[in-house]
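Heads up: the structure comes next, in structure tokens.
The values are calculated or read from the model by the stated rules, or taken from the named source; none is laboratory data. The model shown is predicted, which means the values in this text are computed figures rather than measured ones. Reconstructed Cβ throughout: ideal geometry from the backbone, glycine too, with neighbour counts over all protein chains shown. For accessibility, only protein heavy atoms count, side chains too; no ligands or nucleic acids. Shrake-Rupley method; radii C 1.70, N 1.55, O 1.52, S 1.80 Å.
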Amino acid sequence: MKRIFSLLVIIPALLLFMLPRGFASPLYSPAWGFSIDLPEDYEFTDGDGKNSFSFTTKDGAGFDLSIYAPSTGKDQYASVEALAKDVQRRLGSSGEISSFEYRHKQAAIIELAFSLNGAKPQAMSGWGFCVELPQTGSAQGGASARKPLLLALAYGPANKTEIQALHLSALDSIAPEDGDTRYPGPISEFSYPRETRKLMKITGLDAEAWFYEEDKEAAQALVDREFNVLKRYASGAQWKEAWTRFYRAVYRDSYDRLADAAFIIERKVNVPSRENRDLGGQLLQWVQNFKYERDLMGSDFVNLVSACLEGRGDCDSRAMLWALIMNQANVPAGIMVSKEYSHAMGLADLPGPGAHFTVDKKQWLVAETTAKVSIGLIGEKMSAVEGWIGIPLD
């Protein structure tokens, strides 16, 4: 299938990143400072190695990314809206363009509906995303200097509705700069703009924290979408990578939504000694009191905002919430999950006795969030390390 970026005028840029054939971690551009975290079956298939990159899946989903560097040439665009309109014109797309602000950066969403001409014309659909990047190097020329622009297009055959979630997931994984990696992605922010803050009561504690009214619905929408993506890999060779990406996506989306709550909870439950292990134990007791809840007909994961406010969730929701608060308290934490045991637990870089699990050559203390046991304890029937996957979250 002909790549879309070949239909557009590309302006030379610096080398973005070296790409393996398959990958399980976000891809980071040291030249421009952005990162992307694509679903597992996207493979790098084309590009000039400097400013244009194409990925495809076996069932026809495509993802093209291009950087438009600051330039005085005729092809430099004055704004993301100008670039979006030109993309729409060149593709002959009939979709709409919606401008918005993402993290103080100009941005635009492009609805793609066009046809790839050839011996057998094919109707295509999907979405595009344009956003400003921070000025770098020679681009730092004062207020009048134009910023680099990132353009990403996610698309596929219009009749394959099952890949629509892939398009949105791929675009939502874009973090234009480092600070955006702990903030809801651009698709989530566009779909559920956070406008009104209000104090909400934290479950099980005499305390309130600031949330946006849209946080709970937005967080659950992210969970549901990413679960649909995850299901594609449930029985395939990349299921471990898919699980890891799912939790990365949830963590990124939830981190800022829970920032104030994490601060309040840490100070509410922390013991006078303020030792990290004591904090981990007190937080563990808090989530152990949640109502055990599963949804076997849906994503089977309660979003972390609802878990925090309503005191409910399965093992992985609790472990994720516990780990997120520990990380915000500057204690490195993650989770461990097991298909064999259908279970999840927390992990943290904490001293002292107890069961440990090795992740990235580091020993992490285990935290069981569903049974009311002390930190470091794990059931003997689930203690085989080969049955677990360790997932650092920060």
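Kindly provide the GluC sites (Glu not before Pro) of segment 265-368 that DSSP labels as loop, not H, G, I, E or B, and whose Cβ sees at most 13 other Cβ atoms within 10 Å.
In loop regions of segment 265-368 (DSSP not H, G, I, E or B), the sparsely surrounded GluC sites (Glu not before Pro) are E340.
Within the chain, what's the longest stretch lacking trypsin sites (Lys or Arg not before Pro) that sit in DSSP loops with no more than 10 other Cβ atoms inside 10 Å?
Formally, the longest exposed-site-free interval is 75-360.
Which label belongs to the value computed from this structure, given these candidates for Rg and Dmax of the Cα atoms in Å: (i) 19.4, 69; (ii) 21.8, 82; (iii) 22.2, 74?
Answer label, from the structure shown: (iii).
What is the helix-to-structure angle for 239-257, meaning the angle in degrees between its Cα long axis and the longest Cα principal axis of the chain, kept from 0 to 90 and rounded to the nearest 10?
90 degrees
Give the relative contact order (percent, whole number) for segment 173-248; include only Cα pairs under 8 Å separated by 6+ residues.
19 percent
In debye, nearest 20: dipole of the chain around its Cα centre with unit charges on the Cβ of K, R (+) and D, E (-)?
Here the chain has a charge dipole of around 460 debye.
Calculate one ³J(HN,Hα) per residue across segment 225-232 by plugging θ = phi - 60° into the Karplus curve 6.51 cos²θ - 1.76 cosθ + 1.60, and present them in order as whole Hz with x for glycine and proline.
Residue by residue, segment 225-232 yields 5, 5, 5, 4, 5, 4, 4, 4 Hz.
Given springs between every Cα pair under 10 Å in a Gaussian network model of the chain, which of Y192, Y341, Y28 has the largest fluctuation?
Y341
Tell me which residues come under 5 Å, amide H to amide H, from D46 once H is placed; ignore anything under 5 positions away on its chain.
It is S54, by chain and number.
Kindly write out, for segment 377-394 in residue order, the coupling ³J(HN,Hα) from the Karplus curve 6.51 cos²θ - 1.76 cosθ + 1.60 (θ = phi - 60°), rounded to whole Hz, with x marking Gly and Pro.
Those phi angles translate into 9, 9, x, 4, 6, 10, 8, 5, 5, 5, x, 10, 10, x, 10, x, 10, 10 Hz.
For L393, tell me the accessible area in Å² from a 1.4 Å probe, rounded to the nearest 10.
Around 20 Å² of this residue is reachable by solvent.
Under 16 Å Cα to Cα from K372, which lysines show up? Leave out anything in the same chain fewer than 8 places away.
The qualifying lysines are K291.
Could you tell me the relative contact order of the chain? Use alpha-carbon pairs under 8 Å, at least six residues apart, and round to a whole percent.
11 percent
Too long at a 27 Å Cα-Cα cut-off: which of K240/K362; K58/K147; K201/K240; K268/K381; K58/K231; K85/K216?
Over 27 Å Cα-Cα: K58/K147; K201/K240; K268/K381; K85/K216.
Evaluate the distance, in nm, between pseudo-label points positioned 7 Å from the Cα of K362 and of N117 along their respective Cα→Cβ axes.
My value for the distance between the label points is 5.5 nm.
So, for the chain, what is the accessible surface per residue at a probe of 1.4 Å, expressed in square angstrom?
Counting only protein heavy atoms, the per-residue value for the chain is 44 Å².
Answer with one residue from I378, G354, L324: the one whose Cα lies farthest towards the positive end of the charge dipole of segment 286-382, charges on Cβ with Lys, Arg +1 and Asp, Glu -1.
Of I378, G354, L324, it is G354.
Considering only DSSP states other than H, G, I, E and B, which chymotrypsin sites (Phe, Trp or Tyr not before Pro) in segment 351-394 qualify as loop sites with at most 10 other Cβ atoms within 10 Å?
none
Helix 80-91 versus the longest principal axis of the chain: what is the Cα-based angle in degrees, 0 to 90, to the nearest 10?
Result, in degrees: 60.
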